[in-house]
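The values are calculated or read from the model by the stated rules, or taken from the named source; none is laboratory data. This is a predicted model, so every value here is computed, not measured. Cβ: placed from backbone, ideal geometry, glycine included. Neighbour counts: every protein chain shown.
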Amino acid sequence: MDVKSTPSYLYWLFCQFELITCSYLMEPWEKVLFYSFNLALALLLLYFTYACLAAQASSALQLLWSFPANPRENALSVVK
Amino acid sequence: INHIVHNGGLYKRPFNEAFEETPMLVAVLTYVGYGVLTLFGYLRDFMRQWKIEKCQNATEREEQKDFVPLYQDFENFYNRNLYMRIRDSWNRPICSVPGAKVDMMERVSHDYNWTFTYTGRVIKDIINMGSYNYLGFAQNTGACQEAAAKVLSQYGAGVCSARQEMGNLDKHEELEKLVARFLGVESAMAYGMGFATNSMNIPALVGKGCLILSDELNHASLVLGARLSGATIRIFKHNNMQSLEKLLKDAIVHGQPRTRRPWKKILILVEGIYSMEGSIVRLPEVIALKKKYKSYLYLDEAHSIGALGPSGRGVVEYFGLNPEDVDVMMGTFTKSFGAAGGYIGGKKELIDYLRTYSHSAAYATSMSPPVVEQIITSVKCIMGEDGTTVGEARVQQLAENTRYFRRRLKEMGFIIYGNEDSPVVPLMLYMPAKIGAFGREMLKRNIGVVVVGFPATPIIESRARFCLSAAHTKEMLDTALKEINEVGDLLQLKYSRRRLVPLLDRPFDETTYEETED
C-alpha cells in the first residue's frame with residue numbers, strides 16, 4: 001500500500017493518463033483547457049452522485065448496520 | 001503450428017506466423033485518444049479560421065477562398081492537427097553511414113514542430129534499428145567500398161543516358177549475369193530505382209483485358225504499377241490462400257465482367273516479406289494455386305532477398321522451392337546489398353521482352369557505375385565467390401539476431417506481429433501519444449527507431465518497426481532490448497495476453513468474418 005501512494009507512482013499514473021488522453025501532445029494552454037474541463041466534469045459527477053443517491057445510500061447503510069445485532073427482525077423492521 | 005497438416009504437406013519447415021488481436025480496452029482507449037485530438041483539431045481549425053491564432057500551414061490565397069476547398073479532407077486535417085504534433089520523430093537528418101550505429105544531427109523546435117532549428121550538436125553512435133541494412137553492407141570501409149571507389153575513378157559517377165540509348169555499360173551486363181546466377185534464373189535485368197522497377201514494368205507485362213490479383217497489403221509501387229497498367233485489379237485478404245483461390249475460381253468461371261470472355265492473363269502480385277507486418281508470403285501454396293489455375297506469379301522480394309534462406313537467396317530458397325516456378329522474380333538492391341536499384345529475373349524471353357518494352361529501360365537513366373560495383377561485390381561476397389566466408393557468416397548472424405530479438409521481445413510481453421523468421425519486427429503501440437513518446441524516449445536513450453502511424457497503417461494499429469541487421473552485435477541488441485524494456489514499462493506497452501492463437505485454416509466463405517478464433 002505504501003509503494004502505491006508514493007509521489008513517483010502517482011506521477012507515473014498521471015503520465016499514463018496524459019498518454020492515453022493524448023494531453024502529452026498538447027500545448028500548455030490546451031492542457032489547461034482540457035484539465036479544467038475534466039475536473040469540472042468530475043466534480044459535477046461527484047455532486048450528482050451525492051445529491052441523487054445520498055438518500056438511497058443512507059437507507060442502505062442503515063440496513064447494513066442492523067445486520068450484526070439481529071439478522072432477521074431488525075432487517076424486516078427497517079424495510080417496513 | 002496447427003495448420004501444416006491442412007495443406008497437403010507443402011511446407012518442409014514450420015510456418016510460425018502470429019498477429020495477436022488488439023485487446024479491447026486498448027482499442028477503446030486508442031479511439032478515446034483520437035477523439036480528444038480530433039476535438040482539439042476542430043478547435044484549432046476554428047481558431048485559425050477566425051484569426052485568433054496564426055495559421056502556419058498551407059491554405060488557399062484570399063482570392064481563392066470562394067473556390068472548391070483544397071485542404072478540407074481528412075488527410076489534411078490529420079496532417080495539420082495530429083501529424084504536426086509528433087512530426088519530430090520523422091525526417092531526422094543523419095550525418096554518417098547508416099550502419100549498425102549512426103550519427104544524427106540534433107534539432108529542436110520552438111513552435112511545436114512547425115519549424116526546426118539545428119543546435120549544431122551531432123548525437124554520436126545511436127544504435128540504428130531503423131535502416132534496411134539486413135546484411136550490414138552499408139559500410140564506408142571494406143572490400144565493397146574499395147571496389148566502388150576504384151570503379152568511380154574509372155567510370156565516373158554519371159551515366160548520362162537511358163539504358164536503350166548510350167547507357168548500357170559492360171558493368172551492367174556483368175551485374176545482370178551475376179544476379180541471374182545468384183537467383184537461379186535464366187536471365188535478369190537491373191534498373192536504377194526499386195520503386196520504378198515495379199511501377200514501370202508491371203504496365204509492360206499486363207494490360208487491358210488482363211486480371212491482377214494483388215494482396216491487400218502490397219507496397220505502393222506494386223499498386224501504382226497495377227493501376228497504371230489498366231488491367232482489372234482484385235484484392236485478396238492478406239496472405240489468405242482461401243481468399244485467393246476463391247478469386248481465381250471466380251475469374252476462371254466467370255471470365256471478364258461484361259463479355260464473359262476468358263482473361264488474357266491472370267497475374268498474382270505478392271511480396272516476399274511485407275515490411276509493415278513482418279509476415280512472409282505462403283509461397284508453396286501460392287505456387288500450387290498458380291499451377292492449378294494456370295496463372296502467373298510476380299514475386300516482389302524487396303525485403304526478403306539476402307535476408308531469408310540458408311544462403312541468402314530469398315524466400316524461394318527459404319521454402320526450398322524451384323526458382324523456375326516463379327514467373328517474374330523482382331527484388332531491390334536497396335535493402336540487403338547496401339546500394340540502390342532493382343532487378344527483375346525470369347526466363348530469357350521475358351527479360352528480352354522487357355529490355356525492349358519497359359518504360360524504365362527506354363526513359364530512365366541507368367544505374368550509376370559505383371553502385372553497380374557495390375552490388376557486384378556484395379553479391380559475390382554473399383555467394384562466397386570472393387574467397388571468404390564473410391557472406392555466409394552474415395546471413396547466419398542475421399538469422400540468429402532475428403530469432404534472439406523476436407524471442408526476447410515476446411518474452412517481455414510486447415505484441416509483435418509477423419513471422420518468426422522475418423528480420424522486420426513490428427512492435428504494436430496503438431495509441432497516438434505513444435507513437436511520439438516512444439520515438440522521443442528511444443532517442444533520449446540513444447536508439448533510433450522508426451515509428452509508423454496512419455496512413456501507412458490502419459488508424460488504430462500504429463507500430464514501431466525494428467529492422468535487424470547482421471551488423472548488430474549481441475551487445476548492441478542487449479542494450480537495445482534493455483532500453484525497449486524500460487520504455488515499455490514507462491509507457492505501458494506490454495499489451496500481450498500471451499495466448500497462443502493459432503491461425504485458422506478453414507475454408508473461406510462469406511460467413512467467415514474472423515481470421516482467428518478466440
Could you tell me which of the residues B:A251, B:A231, B:A302 is of a type in the set (G, A, S) and either closer than 19 Å to B:V315 by Cα or surrounded by fewer than 19 Cβ atoms within 10 Å (Cβ to Cβ) (or both)?
-> B:A302
Condition check for B:V68: without any contact (Cβ under 8 Å) to a residue 40 or more places away in the chain, away from chain A (no Cβ under 14 Å) and surrounded by fewer than 17 Cβ atoms within 10 Å (Cβ to Cβ) = yes
Within region B:385-425, count every residue that is touching a Ser or Thr at 6+ places or on another chain (Cβ under 9 Å) and closer than 30 Å to B:R163 by Cβ.
-> 2
State whether the residues of region B:326-347 include one that is without any contact (Cβ under 8 Å) to a residue 24 or more places away in the chain and not aliphatic (A, V, I, L, M).
-> no
Pick out the one residue from B:A437, B:A480 that is of a type outside the set (D, E), assigned to a helix (DSSP H, G or I) and within 30 Å of B:G391 (Cα to Cα).
-> B:A480
Just one of B:F15, B:F40 is away from chain A (no Cβ under 14 Å) and out of contact with any strand residue (DSSP E or B) (no Cβ under 7 Å at 6 or more places or on another chain); which is it?
-> B:F15
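Can you pull out the residues in region B:410-443 that are more than 14 Å from every other protein chain (Cβ to nearest Cβ) and within 14 Å of B:M129 (Cα to Cα)?
Across region B:410-443, the qualifying residues are B:P423, B:V424, B:V425, B:P426, B:L427, B:M442, B:L443.
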What tally of residues in region A:24-55 results from selecting those that are touching a Ser or Thr at 6+ places or on another chain (Cβ under 9 Å) and hydroxyl-bearing (S, T, Y)?
-> 1
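Considering only region B:257-274, I want to know if a residue exists there that is crowded, with 20+ Cβ neighbours inside 10 Å and out of contact with any Ser or Thr (no Cβ under 9 Å at 6 or more places or on another chain).
So far as region B:257-274 goes, no, none of its residues is crowded, with 20+ Cβ neighbours inside 10 Å and out of contact with any Ser or Thr (no Cβ under 9 Å at 6 or more places or on another chain).
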Of all residues making up region B:13-39, the number that are aromatic (F, W, Y) and over 22 Å from the mean Cα position of the chain (by Cα) | 2
Test result for B:N91, loosely packed, with under 11 Cβ neighbours inside 10 Å, under 29 Å from the mean Cα position of the chain (by Cα) and either among the polar types (S, T, N, Q) or assigned to a loop (DSSP other than H, G, I, E, B) (or both) = yes
B:K54 fails exactly one of the following numbered conditions: (1) loosely packed, with under 14 Cβ neighbours inside 10 Å; (2) part of a helix (DSSP H, G or I). What is the number of that condition?
-> (2)
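Conditions (1) assigned to a helix (DSSP H, G or I); (2) of a type outside the set (D, E, K, R); (3) under 18 Å from the mean Cα position of the chain (by Cα), marked per residue:
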| residue | (1), (2), (3) |
| --- | --- |
| B:K290 | yes, no, no |
| B:A302 | no, yes, yes |
| B:A307 | no, yes, yes |
| B:S311 | no, yes, no |
| B:M330 | no, yes, yes |
| B:F337 | no, yes, yes |
Can you tell me which residue within region B:359-393, out of those that are among the hydroxyl-bearing types (S, T, Y) and assigned to a helix (DSSP H, G or I), is surrounded by the fewest Cβ atoms within 10 Å (Cβ to Cβ)?
-> B:Y363
Give me a count of the residues in region A:17-63 that are within 14 Å of chain B (Cβ to nearest Cβ), in contact (Cβ under 8 Å) with a residue 12 or more places away in the chain and over 18 Å from B:Y34 (Cβ atoms).
-> 1
Of everything in region B:169-187 that's over 12 Å from B:Y343 (Cα atoms) and out of contact with any helix residue (DSSP H, G or I) (no Cβ under 9 Å at 6 or more places or on another chain), which residue is surrounded by the most Cβ atoms within 10 Å (Cβ to Cβ)?
-> B:E173
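Look through B:D45, B:D111 and report the one residue that is in a loop (DSSP other than H, G, I, E, B) and either within 14 Å of chain A (Cβ to nearest Cβ) or among the hydrophobic types (A, V, I, L, M, F, W, C) (or both).
Of the residues listed, the single one that is in a loop (DSSP other than H, G, I, E, B) and either within 14 Å of chain A (Cβ to nearest Cβ) or among the hydrophobic types (A, V, I, L, M, F, W, C) (or both) is B:D111.
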Quickly run through region B:40-64 and pick out the residues that are over 30 Å from B:E461 (Cβ atoms) and within 34 Å of the chain's Cα centre (by Cα).
-> B:T59
Go through (1) free of Cβ contacts under 8 Å to residues at least 40 places away in the same chain; (2) within 25 Å of B:I305 (Cα to Cα); (3) of a type outside the set (V, I, T) and name the single condition B:E411 misses.
-> (2)
Taking region B:440-458 and the residues there that are touching a Gly at 6+ places or on another chain (Cβ under 8 Å) and outside any helix (DSSP H, G or I), the one that is surrounded by the fewest Cβ atoms within 10 Å (Cβ to Cβ) would be B:V450
Every residue from region B:72-94 that is modelled with pLDDT of 90 or more and away from chain A (no Cβ under 14 Å) = B:D73, B:F74, B:E75, B:N76, B:F77, B:N79, B:W90, B:N91, B:R92, B:P93, B:I94
Residue check, B:R163 in contact with a strand residue (DSSP E or B) (Cβ under 6 Å, 6 or more places away or on another chain) and farther than 25 Å from B:C381 by Cα | no
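Has region B:394-407 got any residue that is in a loop (DSSP other than H, G, I, E, B) and either crowded, with 23+ Cβ neighbours inside 10 Å or out of contact with any Leu (no Cβ under 6 Å at 6 or more places or on another chain) (or both)? I'd like the intermediate steps shown before the answer.
Keep residues of region B:394-407 that are in a loop (DSSP other than H, G, I, E, B), which gives none.
The answer is no; no qualifying residue exists.
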